[in-house]
1. Quick one: in the stretch 58-83, which of the residues that are outside any helix (DSSP H, G or I) and loosely packed, with under 13 Cβ neighbours inside 10 Å is modelled with the lowest pLDDT?
2. Please work out which one of (1) under 18 Å from the mean Cα position of the chain (by Cα); (2) in a loop (DSSP other than H, G, I, E, B) is the condition Gln86 fails and give its number.
3. Just one of (1) under 15 Å from Leu3 (Cβ atoms); (2) touching a helix residue (DSSP H, G or I) at 6+ places or on another chain (Cβ under 7 Å); (3) modelled with pLDDT under 95 trips up Gly98, so point out which.
4. Restricting to the stretch 21-48, name every residue that is over 20 Å from Leu84 (Cα atoms), modelled with pLDDT of 95 or more and exposed (fewer than 13 other Cβ atoms within 10 Å of the Cβ).
5. Take the residues in the stretch 89-103 that are in a helix (DSSP H, G or I) and in contact (Cβ under 8 Å) with a residue 60 or more places away in the chain, then tell me which one is nearest to Asp17 (Cα to Cα).
Amino acid sequence: MALQATISFENGITLQDAYVIIEKITINYTNPTIASIIVLIYKDSTAYNDGKTEVISITHQCTGDNFTTYFSESVLDEAFKNPLTQGYSFLQSLPFYGGAVIV
């Protein structure tokens with residue numbers, strides 16, 4: 001499971017077929033409730049499959065209402081939902097990954 005999207009960085013570089021893999025999700029249910037999601041972004045799926053190094057690693061924080069929507073225990077108790085699937089759904093909701101599709 002991964003995301004594929006066109007991603008533009010602040011430095012002007014654009015990856016047309018970026019391949020985004022969640023490397024790690026850490027969920028903290030104490031105060032404050034937060035999910036930290038570390039993603040690795042590759043040039044494309046070929047680069048990933050060929051064992052190339054990622055272009056960048058980014059950590060995203062999911063808190064507040066977003067945490068409740070994607071990572072609350074009641075949500076994760078629903079059929080076919082787990083931290084990984086919810087992590088990708090959360091990433092798709094971020095403007096940075098606008099138009100990303102799960103592949």
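1. Here is the first cut: in the stretch 58-83, the residues outside any helix (DSSP H, G or I) are 58-63, 72, 77-82.
Next, from what is left, pick out any that are loosely packed, with under 13 Cβ neighbours inside 10 Å: 59, 61, 77-80, 82.
Working: Thr59: 98, Gln61: 97, Asp77: 93, Glu78: 93, Ala79: 90, Phe80: 93, Asn82: 96.
Checked the stretch 58-83; the qualifying residue modelled with the lowest pLDDT is Ala79.
2. Answer for Gln86: the failing condition is (2).
3. Just one mismatch for Gly98, condition (2).
4. If the condition is that a residue be over 20 Å from Leu84 (Cα atoms), modelled with pLDDT of 95 or more and exposed (fewer than 13 other Cβ atoms within 10 Å of the Cβ), then Thr46 is the only one that fits.
5. Tyr97
The values are calculated or read from the model by the stated rules, or taken from the named source; none is laboratory data. In this text the structure is predicted, and so the values were computed from the model without any measurement. Neighbour counts run over all protein chains shown; Cβ positions are idealised from the backbone, glycine included.
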